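The structure under discussion appears below in the form of C-alpha cells.
The values are calculated or read from the model by the stated rules, or taken from the named source; none is laboratory data. The structure displayed is predicted, hence computed values, not measured ones. Cβ placement follows ideal geometry from the backbone for every residue including glycine, while neighbour counts extend to all protein chains displayed. Ligands, DNA and RNA are stripped out before the accessible areas are found, and what is left, the full protein with its side chains, is counted by its heavy atoms. Shrake-Rupley method; radii C 1.70, N 1.55, O 1.52, S 1.80 Å.
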Amino acid sequence: MFQCMETTADKSEDPSLLDLVSIRASLAEHYDLAPSVELAEQMRDIYDRMDRVVPEPDWAIYAPYVAAINKLKKEKNAVILAHNYMTPEIYHGVADFVGDSLQLAIKATEVEEDVIVQCGVHFMAETSKILNPSKTVLIPDMEAGCSLAESITAEGVEEMRAKYPGAPVVSYVNTTAEVKAASDICCTSSNALQIVNAMESDTVIMTPDQYLAQNVANESHKKVVFWEGSCIVHELYTAADLRAYREMHPDTKIIAHPECTPDVVAESDFTGSTSGIIDWVHSHKPKEAMLVTECSMASNIADELPEVEFAKPCNMCPYMKKITLEKILWSLHTMTEEVEVDADVAVKAKQAVEAMIDLSKKLGI
Ligand code: 13P
Ligand code: SF4
C-alpha cells in the first residue's frame, strides 16, 4: 500500500516486529490490492462517511483492502470491534462495532461470531479474550501497547495494597490481565467516578493513571490514592496552550479526555470518555470544537457533523496507529496474532471486569 506508515527498517534489531515487506508480497499473491478508481466508485456509500477527511485518491488505495477485509470477515465468521481512535478507513470501512473501552468490553460479551478481530490496543483484545475464553481473539499487531498498561505490574498493585491496607483497588481497564486479576474491580473513563464512589471504604486505590485518579478525586468524597502512570498522548496537553488557543478562538468548545491533567480538565467545557466526547459534540453541535484527545476522533465524526469546525491541535497515539488496513487483512488471512491469557489469571481478571460491567449496568452507565 502507498499509505504513509511505519517502516520495517529496524526489523533486524527486533524480530517481533511484523515484516511488512513479506506481508505485502504474500497478500499480493492472494488478493487484487492495486488502487482502483472503479472499486472506489462502487463503494461510494462507505466513502460518503469519510469524504470530508479522506481524499479521493486515498480512497482508491483503501477500497481494495476494505473490500477484501469485509469479504474475509464473512468467510471466517469474524467480527471487527474497533476503538474510537482507529483511522477513518478502519472506523467507517471495516468495523462492525465502534466504541469506547467500556462499550467494546460490553459488546465483546454479546458477539456471536467465532472470531473477534480487535482493532485497538492489546489490553482491549485481552479484555475481549478474558470475557470470551472460547472465542478466537486476534489483534492485527501485538506491538499495539499502551503507556498506561506498561506502567504497572501485579507486584505494583500488591505494593499499593501493602501501603494502604484494606483499601479496594480500582484498576483502569488500560492494564494487563495480571493487573486486572490482582485488582478488586476495573473502571473505564466513562464510569471511574461512579465506581470509586460505590466502594465501601473511605480510601480507594486507583491504578495506573495518576491524572484520571486526580480528576476523580476532585469530584469524589473518597480519599483517592494512586499509582503514577500516565498516558503519553494526553499528558502532552497543557492548560497554558488551551488558554492561548481560547484567546485566539473564544467561541471554541474545548472537550477533554479525563486522562489529561486536572488543570487541562479545568480549562475544558466538557470532559468524558471517547464516546462521551462524541455524544457531547453530537448533542451540542458547537460551531467550533477542539477535541483534546487522539487525532482520529475528530476525523471520524467530521462527516456526520458538517456544521462543526474542528480545531486541529491533537496528539496521535503511536500504539493505536499500529493498526492498519493491511495488518487487519493479514490478521484475517493468517488468523494471527492470537491473544491468549493464562487460564488462572483470566478467571480472576474476569471477576474484576464483570464486577465493573455489572455495577455500570446497575448504575445505568
Ligand atoms: P476510552 O475508554 O474513553 O475510549 O479511552 C481509552 C483510551 O485508551 C483513551 O486513551
Ligand atoms: Fe494508551 Fe494513551 Fe494510547 Fe489510550 S491514547 S491507548 S491511554 S497510550
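Could you please state how large a percent of the accessible area of the chain is carbon and sulfur, counting protein chains only and using a 1.4 Å probe? Of the solvent-accessible surface of the chain, carbon and sulfur hold 51 percent.
Of the options ILE139, VAL225, VAL111, report the single residue whose Cα projects farthest towards the positive end of the charge dipole of the stretch 107-225 (beta-carbon charges: Lys, Arg +1; Asp, Glu -1). The listed residue farthest towards the positive side: VAL225.
So how do ARG52, ARG161 rank on accessible area, 1.4 Å probe, biggest first, that is with the largest at the start?
Working: ARG52 105, ARG161 65 Å².
Heavy-atom accessible area, descending, gives ARG52, ARG161.
Rounded to the nearest 10 degrees, the angle from helix 20-30 to the longest Cα principal axis of the chain is 50 degrees. Remark: the stretch 149-230 carries a charge dipole of roughly 180 debye about the Cα centre, counting +1 on each Lys and Arg Cβ and -1 on each Asp and Glu Cβ. Using the alpha carbons alone, the radius of gyration of the stretch 149-230 stands to its Kirkwood radius in an Rg to Rh ratio of 0.91. What net charge is computed for the residues neighbouring TYR65, neighbours being all others with C-beta under 9 Å from the C-beta of TYR65, Lys and Arg scored +1, Asp and Glu -1? Within the 9 Å Cβ shell, the charges total -2.
Show me the ranking of peptides 255-262, 37-44, 123-130, 275-282 by mean Cβ neighbours inside 10 Å, starting with the highest.
123-130, 255-262, 275-282, 37-44
Rounded to the nearest 10 degrees, the angle from helix 122-131 to the longest Cα principal axis of the chain is 80 degrees. Computed over protein heavy atoms with a 1.4 Å probe, the accessible surface of the stretch 149-230 works out to 39 Å² per residue. Charged side chains reduced to their Cβ positions (Lys and Arg at +1, Asp and Glu at -1) give the stretch 234-311 a dipole of some 140 debye around its Cα centre. Evaluated at q = 0.09, 0.15 Å⁻¹, the base-10 log of the normalised Debye intensity for the chain, with identical point scatterers placed on the Cα atoms, takes the values -0.51, -1.36.
Rounded to whole Å, give me the distance from the Cα center of the stretch 126-165 to that of the stretch 278-336. For the stretch 126-165 versus the stretch 278-336, the Cα centre distance is 24 Å. For VAL233, neighbours were defined as the other residues whose beta-carbon sits under 10 Å from its Cβ, and their charges (Lys and Arg +1, Asp and Glu -1) total -3.
Ordering 171-181, 84-94 by mean Cβ neighbour count within 10 Å, with the highest value first, yields 171-181, 84-94. Per-residue Karplus couplings for the stretch 208-223, computed as 6.51 cos²θ - 1.76 cosθ + 1.60 with θ equal to phi - 60°, are listed in order as x, 8, 4, 7, 4, 4, 5, 5, 5, 4, 5, 10, 9, 8, 8, 8 Hz, Gly and Pro entered as x.
Put simply, the Cα atoms of the stretch 211-295 extend 39, 26, 24 Å along their principal axes, the longest span coming first. Of the residues THR293, VAL157, MET43, the one whose Cα sits farthest towards the positive end of the charge dipole of the chain is VAL157 (charges of +1 on Lys and Arg Cβ, -1 on Asp and Glu Cβ, taken about the Cα centre). Report note on the peptides 102-108, 22-28, 330-336: ranked by the mean count of other C-beta atoms within 10 Å, highest first, their order is 102-108, 330-336, 22-28. Charging the Cβ of each Asp and Glu at -1 and of each Lys and Arg at +1, and nothing else, the dipole of the chain about its Cα centre rounds to 660 debye.
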